[in-house]
Amino acid sequence: MNLLWRWLTDPASWEGSAGIPARVAEHLAYSASTLVLAALIGIPLGLWIGHTGRGRVLVVNLVNGMRSVPTLGLLFAAVLVLGPLLGGDIAFLVPSIFVLVLLAVPPILAGAYAGVEGVDPGARDAARGMGMSSREVLFRVEVPCALPLIFSGLRSAALQVIATATLAASVSLGGLGRFLIDGQAYRDYGQMAGGALLVAVLAMLVDLVFAVVQRLVVSPGLAPARTSRRAARRAAAAALSPT
Amino acid sequence: MIRFTDVTKVYPGGTTAVGGLSLTAPTGQITVLVGPSGCGKTTSLRMINRMIEPTSGTIEIDGRDTGTLDPNELRRGIGYVIQSGGLFPHRTILDNIATVPLLLGWDRARARARAQDLLERVGLDPVLGKRYPNQLSGGQQQRVGVARALAADPPVMLMDEPFSAVDPVVREQLQDEFLRLQSELGKTIVFVTHDIDEAVKLGDQVAVLRVGGRLAQLASPAKLLSDPHDDFVADFLGRDRGYRGLAFAEAPELPLRDEPVVLLGSSVEQAAAIAAGDRWVLVVDEARAPLGWAEPGVLTGVIDRDHLHRGGTVARVGGSLRAALDAALSSPSRRGVLVDDADSLVGTVRAPDVLAAIERRPDGVPA
């Protein structure tokens, strides 16, 4: 605890290209680019599979299969295979992002797919029956209704990616993982604990941001518990107030 | 007018859902498709707006073969109501109702005004417009479903068991209001149900389908009840056909008797005097609306609402023979209560008099 506190309050920890702010920025940059890429792959694919019902088997196998892949091993393999082809700084960056994307796609894909799949068949039938084209059914009904699950896929992917992006340091990249790797190398346990703490705090903050965005974007009609409780409270208040 | 000509639907695998169906749903009337499960009634309905494509045969709406039209445009011109309501959970009630007008390119203000108007038309409180579907009861959701189907004022409406997912009391209300609405709007409606009582109540004509999508009989409800074409139709109609058929026979002038009445709140002694030895006496309010029967012999004090026997049904003068007969049969005094359109007592009738009126009807079956 003491060591951790000393490291966190040491002004040197906060300065320069190896300081906490710079490492946080690097970590966020890796994570954000990973999430964007994974979302660009996972969301359209998930929506398409949910909308057409084709390729369900793919989702199930892919999601389960990816969970069992050892990330660290995959990372070294990717660096060994891709590194020599690329050269320079990106020799390590591209394989790292590649592995993180592989990790992030399954939850995002599963969320988008399950969200569309779970739309009330009656709503979908009514949408078609009222003359919506297939595209209109997808974008006006299925996607808005799927948003809660799309968000939950994104959030769980974000948590995994932020936690796992620490591995990038093991192939000589930056990010908060540096504090863990370097801390261990120098037996600086304060730095190691500080790095771990920062990863956890960052993950929670990012999740909080997602939660706020989700509240703004998702229709209140899709959150039964909250709205009905509020309605019940309003009704109770109305019943109690003397008129 | 919707005309099916020799329409067949065979699913891959060889199941014939609808086999050579030909029938006409007249303009401005309710045609009910009814039958056991697997009779192809829903398939037939869904072929009208091409949610399902027929294997062969043609379906015309006002002379135009639907097979030649763009499916989405066709559907925007047809109201569509389904059993589960199918409301969009992420949209407010008003936005749900405004769906088709917005698809048709109306401006938002006009679509909203139309939605607000329809909300009231189907008997919903205007404040519900800003709510979401999950905040409404099942019955309210079905009303919204009907309003949404009416939004662009389509001449044709397709309704697939719209009232079967709500409880019986609400269902009856929805049916009554649906009939009232239809009497104002005069849409051409095709209505699917598995409930023969609903079919007989709502249909101007009823098509009974048998398994495999073959038409067993197409007739008015009265004709169906009095003259089922074969055993299948007779069995499907069920018991009490003679009695139920009386619902479609307007009662002729019945020999009404004056009924002595007491006002609610009168003393039991007054009531006994008015009853003049009869066991039962009819209690009314100031407007002469019948409230129930009282038995002065077993009561003391004043007659209040808790004392009333409420078993008797009340029939309207000029209503059906079924209602008049039921009023007589259900009354504890065996005198059936008849009221006018203002719910005010006109007189009472006895079952033998109603039966005599039934006996006097011309022989044969209604057309």
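The values are calculated or read from the model by the stated rules, or taken from the named source; none is laboratory data. The structure presented is a predicted model; accordingly, all values stated were derived computationally and were not measured. Neighbour counts run over all protein chains shown; Cβ positions are idealised from the backbone, glycine included.
Of all residues in the stretch B:100-132, exactly one satisfies the criterion of being surrounded by 16 or more Cβ atoms within 10 Å (Cβ to Cβ), within 12 Å of chain A (Cβ to nearest Cβ) and charged (D, E, K, R), namely B:Arg131. The C-beta contact set for the stretch B:76-94 (first residue touching a residue at least 40 places away in the same chain (Cβ under 8 Å), second residue basic (Lys, Arg) and outside any helix (DSSP H, G or I), distance under 9 angstrom, 6+ apart or interchain) comprises B:Gly79/B:Lys187; B:Thr92/B:Arg131; B:Ile93/B:Arg131.
In the stretch B:237-254, what residues are of a type in the set (Gly, Ala, Ser) and part of a helix (DSSP H, G or I)?
Hits for the stretch B:237-254 are B:Gly242, B:Gly245, B:Ala247.
Considering only residues that are surrounded by fewer than 20 Cβ atoms within 10 Å (Cβ to Cβ) and under 22 Å from B:Pro154 (Cα atoms), look in the stretch A:99-133 and name the one that is nearest to the other protein chains (Cβ to nearest Cβ). Write out each step before concluding.
From the stretch A:99-133, those surrounded by fewer than 20 Cβ atoms within 10 Å (Cβ to Cβ) are A:102, A:114, A:117-118, A:120-122, A:125, A:133; that's our starting set.
This time we only want the ones that are under 22 Å from B:Pro154 (Cα atoms), so: A:122, A:125, A:133.
Details: A:Gly122: 3, A:Asp125: 6, A:Ser133: 6 Å.
Only one residue fits best here, namely A:Gly122.
Scanning the stretch B:301-309 for any residue that is in a strand (DSSP E or B) and either at negative phi or crowded, with 16+ Cβ neighbours inside 10 Å (or both) turns up at least one such residue. Listed by position, the strands (runs of 3 or more DSSP E) contained in the stretch B:133-222 that have at least 1 residues being within 14 Å of chain A (Cβ to nearest Cβ) are B:156-160, B:188-193.
Could you say whether any residue in the stretch A:174-190 is within 14 Å of another protein chain (Cβ to nearest Cβ) and touching a helix residue (DSSP H, G or I) at 6+ places or on another chain (Cβ under 6 Å)?
Initial filter on the stretch A:174-190 (within 14 Å of another protein chain (Cβ to nearest Cβ)): none.
Among the residues of the stretch A:174-190, not one is within 14 Å of another protein chain (Cβ to nearest Cβ) and touching a helix residue (DSSP H, G or I) at 6+ places or on another chain (Cβ under 6 Å), which makes the answer no.
May I ask you to list the residues in the stretch B:111-160 that are among the polar types (S, T, N, Q) and within 24 Å of B:Lys41 (Cα to Cα)? Hits for the stretch B:111-160 are B:Gln141, B:Gln142.
Determine which member of the set B:Gln135, B:Gln175, B:Gln182, B:Gln217 is surrounded by fewer than 23 Cβ atoms within 10 Å (Cβ to Cβ) and without any contact (Cβ under 8 Å) to a residue 12 or more places away in the chain. Steps first, answer last, please.
On the way: B:Gln175 fails: without any contact (Cβ under 8 Å) to a residue 12 or more places away in the chain; B:Gln182 fails: without any contact (Cβ under 8 Å) to a residue 12 or more places away in the chain; B:Gln217 fails: without any contact (Cβ under 8 Å) to a residue 12 or more places away in the chain.
Exactly one of B:Gln135, B:Gln175, B:Gln182, B:Gln217 is surrounded by fewer than 23 Cβ atoms within 10 Å (Cβ to Cβ) and without any contact (Cβ under 8 Å) to a residue 12 or more places away in the chain, namely B:Gln135.
Among the residues that make up the stretch A:62-76, is at least one of them exposed (fewer than 14 other Cβ atoms within 10 Å of the Cβ) and touching a residue at least 60 places away in the same chain (Cβ under 8 Å)? Yes - at least one qualifying residue is present in the stretch A:62-76.
B:Lys41 satisfies every condition listed in (1) closer than 26 Å to B:Val10 by Cβ; (2) buried (at least 17 other Cβ atoms within 10 Å of the Cβ); (3) within 13 Å of chain A (Cβ to nearest Cβ) except (3).
Output the helices (runs of 4 or more DSSP H) that fall wholly within the stretch A:1-105 and possess 2 or more residues being under 30 Å from A:Tyr189 (Cβ atoms), or say none. Give the derivation first.
On the way: elements: A:2-9, A:20-52, A:56-67, A:71-86.
It comes to A:2-9, A:20-52, A:71-86.
The listed residues are A:Pro95, A:Pro84, and the only one of them that is surrounded by fewer than 21 Cβ atoms within 10 Å (Cβ to Cβ) and either out of contact with any Pro (no Cβ under 7 Å at 6 or more places or on another chain) or acidic (Asp, Glu) (or both) turns out to be A:Pro84.
Within the set A:Pro84, A:Pro144, the sole residue that is more than 24 Å from A:Thr166 (Cβ to Cβ), within 14 Å of chain B (Cβ to nearest Cβ) and not β-branched (Val, Ile, Thr) turns out to be A:Pro144. If the condition is being surrounded by 20 or more Cβ atoms within 10 Å (Cβ to Cβ) and either on the phi > 0 side of the Ramachandran plot or among the basic types (Lys, Arg) (or both), then the stretch A:170-202 contributes A:Gly175, A:Arg178. With respect to being at pLDDT below 90, of a type outside the set (S, T, N, Q) and either assigned by TED's automatic domain parsing to the domain that holds B:Val34 or closer than 30 Å to B:Gly35 by Cβ (or both), B:Arg244 fits the description.
Residues that are in a strand (DSSP E or B) and more than 7 Å from chain A (Cβ to nearest Cβ) within the stretch B:81-94 comprise just one, B:Val81. Only one entry of B:Ile97, B:Ile78, B:Ile61 meets the criterion of being hydrophobic (A, V, I, L, M, F, W, C), buried (at least 19 other Cβ atoms within 10 Å of the Cβ), at the interface with another protein chain (Cβ under 10 Å from one of its Cβ atoms) and out of contact with any Asp or Glu (no Cβ under 8 Å at 6 or more places or on another chain), and that entry is B:Ile78.
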